[in-house]
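Since the structure comes first, as structure tokens, the remarks are kept for the end.
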Amino acid sequence: MLVRSWYNFPAMAKLAEALALTFLPSTCAICSGALAWSGSRAGICPGCWGRVARHTGPLCPVCGSPDVAAAEPCLACRTAPPPWRAAASVGPYEGALRDLVLLFKTRGRDELAAPIAAMMADAFRRAGWKRPTSVVAVPMTWLRRLRRGYDQAELLGRAVARELELPFVRAMRRRGRGAQVGRSRSERLRLPAATFAVRRPVAGAALLIDDVFTTGATAASCARALLGSGANQVDVLTFARTPQPGRIP
Ligand SMILES: [Zn+2]
Ligand SMILES: [Zn+2]
């Protein structure tokens, strides 16, 4: 009988493996490769974390554009200065960085907020900005918030605030739809600019957090609302920046 029970061992091993696969993510959410025990974070393998491209060359100190020859304000910022003081991002919206944004934003991988926020805090320190008074986030619509039960931009904003040891204020409210993802550039340009309002005014310098800097229209609209209700300065920090965005001043 004892011998017979040993025959069941492969079945038990299969069951244990099935249980492990159910409860532990075993493959990387980006490359589907095996997740190494060391270096993997939030279901992403160390190789994919290493492939997150960061800006390395000179950046426009005002809008964060990498399409400049030197770290001086670009032509767009010189001709039509945006309402914020400075904007920066971790890297271009492509490759592994883009995959992370999509996993976080559309696949509900909330555990990515902390490692993404850590990279954004690094970008903040690299930019050499003065410490702001508070951290605020570009809000999503109340409908999306209601559907999900929480706001992902707020999750990211709170994680960045934790990294920088600053208070987070749920300062903004989004009016109307105004979502930019999935819209063409001409559609985005036609969107009404005033889709944001301040629900809780912040004084002093605000650090505005968003996942992707696209045209700058969203950041400009939020910055105007914040400046119009008590903030004396707004800096914009995003995880990604779409390549060569046409900025709306
Ligand atoms: Zn991977
Ligand atoms: Zn610029």
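Quick note: the coordinates plus some simple rules give every number you see, no bench work behind them. Bear in mind that the values here come from a model prediction, so they are computed numbers and not experimental data. For neighbour counting, all protein chains shown are included, and Cβ atoms are generated from backbone atoms with ideal geometry for every residue, glycine included.
Brief remarks on what is shown
- Residues whose amide H lies under 5 Å from that of A137, counting only those 5 or more places away or on a different chain, are A171, M172, I209; hydrogens are built 1.01 Å from N in the peptide plane.
- Estimated dipole of the stretch 54-241 in Debye, rounded to 20 [Cβ of Lys and Arg +1, of Asp and Glu -1, Cα centre]: 740 debye
- Relative exposure of C77, C31, judged by other C-beta atoms within 10 Å (fewest first): C31, C77
- Across the stretch 114-127, computed HN-Hα scalar couplings (Karplus, 6.51 cos²θ - 1.76 cosθ + 1.60, θ = phi - 60°) run 5, x, 5, 4, 5, 5, 5, 5, 4, 5, 4, 5, 4, 5 Hz from first to last residue, x flagging Gly and Pro.
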